[in-house]
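Worksheet: one structure, shown below.
The values are calculated or read from the model by the stated rules, or taken from the named source; none is laboratory data. If you're wondering where the values come from, they're calculated on a predicted model, not measured in any experiment. Because the Cβ atoms are built from the backbone with ideal geometry, glycine has one as well, and the counts that use them run over all protein chains shown.
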Amino acid sequence: MFSVLLFSSCQMKEDRRSEQEKTVFRYNESAGITTLDPAYVRRFEDFLAIEQLYNGLVTLDDNSEVIPSIAKSWTVSEDGLTYTFNLRKDVLFNESELFGTKKSRRVTASDFLYSFLRILDPSTASPGRYIFENLNNSKSKFDGVVAEDENTLILHLSVPQPSLIYQLSLPYCSVVPHEVVEHYGNDFSTHPIGTGPFFLKRWKKDVKMILAKNINYFEVDENGVSLPYLDAVSIYFIQDKHQEFIKFRAGNLEMISGMNEEDKDQLLNSDGELNETLVDKFTLQKTDWLNTEYLGILMEDNKQSPLQSRLIRQAIGYAIDREDMVRYLRNNIGTPATKGFVPKGMPNFNQFTIDGFHYDIEKANELIKQAGYNELNKIPPIILSATPEYRTLCEYLQQKLERVGFTIKVDVNSVSSMNQRIAQFEAVFYRKSWIADFPDAINYFQLFYSKNFYPENGSNYTHFSNKEYDALFELALIEQNEGLRNSFYKKMNQILHDEAPVIPLFYAETLRFLKSNVKGLKGNSLNMLSLKSVKLT
């Protein structure tokens, strides 16, 4: 238990418990929080806080499967063009003077209509606008969104979009009240009103944020007890990860996420488990994370580097011992990426995995020989670009690749410089990662669709172009049958392996270190932070 002074609020009804009995979950967000307006969220750190304040039609469970939230049920038409959502009748917005004397009101379908049209409005410039790009305006004067009655919301699409139900779980699709948004305008971020298990109590930029319990929250546990259990959430903004670790070890934080290199050996043993000196006070929560770490290759290199050879790209893939790399460089945190580009933790993962790159030094040497390189005609030097955080990893790869005849120079750049070099196509060979924002494999395969070339049209940084791949991608985008869609995914996975515009290294895992009295913390492969069911015992 942790004693804290909770500030007075009209939302907090009379509570006769002493301050010593109230429970506060404390964690640190070293990167800070920039916005609490779901329309504008771009950063993962903001998403974690927003998740505590808002709800959408649907959400994701621990297995990253879609489950009801404000929508108690929904149906999809046979042609995949009409989604009908039936809303709960007991969801209230958090209290605000702008609602009048009652200080709150019920959420209706019209609120979702307003929230979605706000995302669609070009003047909002929301990064979530892409979710609704297939809405059929001919079906409604409101861009294909229909509030049929108070409890029924209908979305009309022009083409099937199987990923839509996953995308509706994203923070952009949270419901917001028009009265509050219109009153505060651009300042809604600092005066957020949602329906979530907590509401914003205080926010001192770069210092601390306090979220307080929403006593009118609509969800209950399996025993009918109202959620959340916690009285408050306190988020610190300590930038130094080592200082964060010191604060956690002293018992002043309930959780830290991830770790820095300096504290790695204090937290974990060589098997990736919690250090035995900490097991009495702390626990470790490890979860597959939809994050693939990889080596990217620019497929349009005018300098005609050896990387323009598919055989050389494949040779690099087979020359890397991923098991060894994860074991010795990452304390066994993560999974060797041997099943294709899409990471472990993705729903239906086993339905579209392939026999991907694995350590085979003989095969690597044979591929190099087939590419025309030998002792007399050596492979020209290759520059591998990386950020300081991944210097050690890239130097490890440098040593391993030299064993089969490569000469690799590791070029370390700041994060901003690295991003700029990739954006300007100056980095031909680089370490990068892709983190999914919704749990559908299409999120990964869109990186290699030729119409998504970066920077004009999307995130195809490698400028990979393959007609067969494009055709499969277009089929997968609209295919309603899950089994058939997974077969398209498997074929695309194989093409990426054969052509090797990217070389997967490992699939990441999330790490959360918790005080031993923390119970009920839930997470999934999107690294969700759900605090509504957390108890401090």
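Within the range 232-264, the residues that satisfy the criterion of being among the acidic types (Asp, Glu) and in a loop (DSSP other than H, G, I, E, B) are Asp240, Glu254. Of all residues in the range 163-191, those that are assigned to a loop (DSSP other than H, G, I, E, B) and touching a Phe, Trp or Tyr at 6+ places or on another chain (Cβ under 8 Å) total 8.
For the range 55-82, give me the residue count where each residue is outside any strand (DSSP E or B), among the small types (Gly, Ala, Ser) and over 23 Å from the mean Cα position of the chain (by Cα). Residues in the range 55-82 being outside any strand (DSSP E or B), among the small types (Gly, Ala, Ser) and over 23 Å from the mean Cα position of the chain (by Cα): 2 in total. What are the residues in the range 325-335 that are closer than 22 Å to Arg512 by Cβ and touching a residue at least 60 places away in the same chain (Cβ under 8 Å), if any? Of everything in the range 325-335, those that are closer than 22 Å to Arg512 by Cβ and touching a residue at least 60 places away in the same chain (Cβ under 8 Å) turn out to be Val326, Leu329, Arg330, Asn331, Asn332, Ile333, Gly334, Thr335.
Evaluating Ser169 against the criteria (1) buried (at least 17 other Cβ atoms within 10 Å of the Cβ); (2) in contact with a helix residue (DSSP H, G or I) (Cβ under 9 Å, 6 or more places away or on another chain); (3) over 19 Å from Ile33 (Cα atoms) leaves one unmet condition, (2). Taken across the range 421-439, residues that are polar (S, T, N, Q) and touching a strand residue (DSSP E or B) at 6+ places or on another chain (Cβ under 9 Å) do occur, with at least one present. Taking the condition over 25 Å from Met528 (Cα atoms), surrounded by fewer than 20 Cβ atoms within 10 Å (Cβ to Cβ) and in contact with a strand residue (DSSP E or B) (Cβ under 9 Å, 6 or more places away or on another chain), does Asp355 pass? In short, no. Residues that are over 25 Å from Val66 (Cβ atoms), assigned by TED's automatic domain parsing to the domain that holds His358 and touching a residue at least 24 places away in the same chain (Cβ under 8 Å) do not occur anywhere in the range 474-488. Residues of the range 206-231 that are in a loop (DSSP other than H, G, I, E, B) and without any contact (Cβ under 8 Å) to a residue 12 or more places away in the chain: Glu222, Asn223, Gly224, Val225.
Quick one: is Ser140 hydroxyl-bearing (Ser, Thr, Tyr) and either in contact with a Lys or Arg (Cβ under 9 Å, 6 or more places away or on another chain) or modelled with pLDDT of 95 or more (or both)? Taking the combined requirement at face value, the residue does not satisfy it.
Among the residues making up the range 433-481, a single one is modelled with pLDDT under 95, under 30 Å from Asp62 (Cα atoms) and charged (D, E, K, R): Asp437. Is it the case that the range 315-323 has a residue that's in contact with a strand residue (DSSP E or B) (Cβ under 9 Å, 6 or more places away or on another chain), outside any loop (DSSP other than H, G, I, E, B) and surrounded by 23 or more Cβ atoms within 10 Å (Cβ to Cβ)? For the range 315-323, residues in contact with a strand residue (DSSP E or B) (Cβ under 9 Å, 6 or more places away or on another chain), outside any loop (DSSP other than H, G, I, E, B) and surrounded by 23 or more Cβ atoms within 10 Å (Cβ to Cβ): present.
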